[in-house]
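Trainee: Take this structure first; my questions come after.
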Amino acid sequence: MSATMNNPNWAPEERQTNHRVMVIYENASGREHALRFCEELTAHCPEYADVEVEWLPSSQASSLLQRLEVVDQAAKADWVVFAVNQDGDFSNELKLWIELWLGKRCEREGTLVGLISGTCAPCDMACFKEVYLRHVAHRAGMDYLAHLHSLTQWADAQSLETVAERATRVTAVLEQILHTDPQTAPLL
């Protein structure tokens, strides 16, 4: 893990890696939650063993709008992590900041993570913040992860062994496709 991960005031000239994580947090417990997520990311994904992390308190959203380099950093981030409480909604300033970097992402792949803390059960309706983040991820063409355990499943699905196993597995559907004569197949 990079030395920049634990330093909320790292300078741009310290950047040495190709993988970028942007963390937006509401409070100290949100920051701790995001730190645990980043530690899990580096533990489960060896290619992320050395990442650069930008830490941004959501309370500074109005100042973020004036710092275009922060918008560019979010647009270029591989992972954008929101560590927030489930109550309420995002401020208009934060939503505007999100829309700014969202417009600059273009076709860039990435993952948006919603670390939403609160008292809702897994079967409860999603809070406003999570719904908004899911829509942002969809519009940006990003993957969306909602919990730490999602990271483990995502990392397992990305491993070379898993990809190789899926590539060689012949399912019943694939078997049927392979044994269907293209000239006698019904037209749709």
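The values are calculated or read from the model by the stated rules, or taken from the named source; none is laboratory data. All of these numbers come straight from a predicted model, not from anything done at the bench. Backbone-built Cβ (ideal geometry, glycine too); neighbour counts: all protein chains shown.
Trainee: Mind listing whichever residues of region 23-37 are assigned to a helix (DSSP H, G or I) and of a type outside the set (S, T, Y)?
Mentor: Step one: of region 23-37, the residues assigned to a helix (DSSP H, G or I) are 28-37.
A28, G30, R31, E32, H33, A34, L35, R36, F37 - these are the residues of region 23-37 that are assigned to a helix (DSSP H, G or I) and of a type outside the set (S, T, Y).
Trainee: Among E69, E40, E54, E47, which is touching a helix residue (DSSP H, G or I) at 6+ places or on another chain (Cβ under 7 Å) and part of a helix (DSSP H, G or I)?
Mentor: Values: E69 fails: touching a helix residue (DSSP H, G or I) at 6+ places or on another chain (Cβ under 7 Å); E54 fails: part of a helix (DSSP H, G or I); E47 fails: touching a helix residue (DSSP H, G or I) at 6+ places or on another chain (Cβ under 7 Å).
Of the residues listed, the single one that is touching a helix residue (DSSP H, G or I) at 6+ places or on another chain (Cβ under 7 Å) and part of a helix (DSSP H, G or I) is E40.
Trainee: For the structure I just gave you, tell me whether D124 is of a type in the set (D, E), loosely packed, with under 13 Cβ neighbours inside 10 Å and not in a helix (DSSP H, G or I). Walk me through it before giving the result.
Mentor: Values: of a type in the set (D, E): yes; loosely packed, with under 13 Cβ neighbours inside 10 Å: yes; not in a helix (DSSP H, G or I): yes.
Answer is yes for this residue.
Trainee: If you don't mind, there's one more thing I want to ask. I'd like the residue in region 27-70 that is among the hydrophobic types (A, V, I, L, M, F, W, C), modelled with pLDDT of 85 or more and surrounded by fewer than 19 Cβ atoms within 10 Å (Cβ to Cβ) and, out of all such residues, is nearest to V84 (Cα to Cα).
Mentor: Of all residues in region 27-70, those among the hydrophobic types (A, V, I, L, M, F, W, C) come to 28, 34-35, 37-38, 41, 43, 45, 49, 51, 53, 55-56, 61, 64-65, 68, 70.
Next, only the ones that are modelled with pLDDT of 85 or more stay: 28, 34-35, 37-38, 53, 55-56, 70.
Narrowing the set further to residues that are surrounded by fewer than 19 Cβ atoms within 10 Å (Cβ to Cβ) leaves 28, 35.
Values: A28: 10, L35: 13 Å.
Looking at residues that are among the hydrophobic types (A, V, I, L, M, F, W, C), modelled with pLDDT of 85 or more and surrounded by fewer than 19 Cβ atoms within 10 Å (Cβ to Cβ), I get A28.
Trainee: A further question follows. Cβ contacts < 9 Å: first residue closer than 15 Å to V113 by Cα, restricted to region 25-37; second residue at pLDDT below 90 and aromatic (F, W, Y), any location; separation 6+ or different chain. Result?
Mentor: none
Trainee: Next question, about the same structure. Might you let me know whether region 164-177 holds any residue that is assigned to a loop (DSSP other than H, G, I, E, B) and at pLDDT 90 or above?
Mentor: Taking region 164-177 as the starting set, the residues that turn out to be assigned to a loop (DSSP other than H, G, I, E, B) are 169-171.
Next cut, at pLDDT 90 or above only: none.
The answer is no; no qualifying residue exists.
Trainee: Which one is surrounded by the fewest Cβ atoms within 10 Å (Cβ to Cβ), of the residues in region 81-108 that are out of contact with any Gly (no Cβ under 7 Å at 6 or more places or on another chain) and assigned to a loop (DSSP other than H, G, I, E, B)? Spell out the reasoning first.
Mentor: Residues of region 81-108 out of contact with any Gly (no Cβ under 7 Å at 6 or more places or on another chain): 81, 88-106, 108.
Subsequent filtering for residues that are assigned to a loop (DSSP other than H, G, I, E, B) retains 88-91, 105-106, 108.
Details: G88: 11, D89: 12, F90: 20, S91: 13, R105: 19, C106: 8, R108: 13.
Ranking the candidates gives C106 first.
Trainee: On to the next question. Given the conditions (1) at pLDDT below 65; (2) loosely packed, with under 12 Cβ neighbours inside 10 Å, and given that S150 satisfies all but one, which numbered condition is not satisfied?
Mentor: The one condition S150 does not meet is (2).
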